[in-house]
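This report concerns only the one structure given below.
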Amino acid sequence: MIVYEEFHFGKEKHIAFYHPVDFSLFAHLHRSYELLYLKRGRLEITVDGRSFSMKAGDLVLVLPYEVHSYRDLGGSVCDVAVFSPDYVQEFYSQTGSHFLENPVFRMTEEQMERLGARLFYDDSNLYLTKAALYETAACVLSQSGLVYREEENRDLLHRILLFIQQHYREDLTLQDLADHLGYSRLYLSRYINQSLKLSFPDLIHEHRICQAIYLLEHTEMPVSEVAYDCGYRSLRSFNRCFKQIAGKTPREYRDVFCTSDL
């Protein structure tokens, strides 16, 4: 399952901090950068189909629109910052059509002691935050080459996913998307497949099921109402798609979630 995190879509001066433990996370993408520091333990990150092992002291920088996931390999304790490209405009311009040959890198103990709080805890001073992020960008570029990405500007991906976010409850077709964006259906179908390794119908289903999972976890809505709210007109179709993507029926998923939350 690939989840588009619209709330990390790169608003001006937006930065969010997280501090997960035993960190595993399904495949997702967003328009922001994501910087992770592995303080303890071991972790595997997969970025656009390439997997990298991390050990304590490693950092990883995920570029905008890269599909990435994490798998805990034992006792991972992390600091994570998700920040808008607006913080590092020159770096964004330089890397916009490229990917990092190796996104995993290291900083010196002195650098982490000096910059750690600004990178992962305190954004009260805009200039110091930007300075810390630019020093981090310089560090990763000193350890990894940039590889040209042979594809269209990834802002198109943001526009596609944002349109789906706004209309996934409707009977959305590829032609609707093509009319809205001004591209041919064939071009968009190929672009989505190349960028996300999904067909357009599968992308719609994954977005709907992601929303269904949220509703099952955070509301007491009956399964039938969840199905309807997520764009399904048939409970049978909803159950089939949910099990195919999440590995359980909606009722089984809710039962497991409620049990684990006790």
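The values are calculated or read from the model by the stated rules, or taken from the named source; none is laboratory data. Here the structure is a predicted model, which is why all the values come from computation and not from measurement. Ideal geometry is used to build each Cβ from the backbone, glycine not excepted, and the neighbour counts take in all protein chains shown.
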Criterion (under 17 Å from the mean Cα position of the chain (by Cα) and not in a helix (DSSP H, G or I)) met by exactly one of LEU157, LEU161, LEU203, LEU198: LEU198
Can you tell me which residue is modelled with the highest pLDDT among those in segment 24-45 that are outside any strand (DSSP E or B) and touching a strand residue (DSSP E or B) at 6+ places or on another chain (Cβ under 8 Å)? SER32
Output for segment 46-84, where each listed residue is touching a Phe, Trp or Tyr at 6+ places or on another chain (Cβ under 6 Å) and either within 17 Å of MET107 (Cβ to Cβ) or part of a loop (DSSP other than H, G, I, E, B) (or both): LEU59, CYS78, ASP79, VAL80, ALA81, PHE83
Looking at segment 208-228, is at least one residue touching a Leu at 6+ places or on another chain (Cβ under 9 Å), part of a helix (DSSP H, G or I), of a type in the set (Phe, Trp, Tyr) and without any contact (Cβ under 8 Å) to a residue 40 or more places away in the chain? yes
Under the condition of being more than 15 Å from GLY96 (Cα to Cα) and hydroxyl-bearing (Ser, Thr, Tyr), which residue from segment 128-148 is surrounded by the fewest Cβ atoms within 10 Å (Cβ to Cβ)? SER142
Identify, by number, the condition in (1) surrounded by 13 or more Cβ atoms within 10 Å (Cβ to Cβ); (2) in contact (Cβ under 8 Å) with a residue 40 or more places away in the chain that PHE163 doesn't meet. (2)
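Here is a yes/no grid of residues against (1) within 25 Å of ILE209 (Cα to Cα); (2) among the β-branched types (Val, Ile, Thr):
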residue: SER53; (1), (2): no, no
residue: ARG71; (1), (2): yes, no
residue: GLY75; (1), (2): no, no
residue: VAL88; (1), (2): no, yes
Does segment 113-123 contain at least one residue that is out of contact with any Phe, Trp or Tyr (no Cβ under 9 Å at 6 or more places or on another chain), among the small types (Gly, Ala, Ser), assigned to a helix (DSSP H, G or I) and more than 13 Å from LEU38 (Cβ to Cβ)? yes
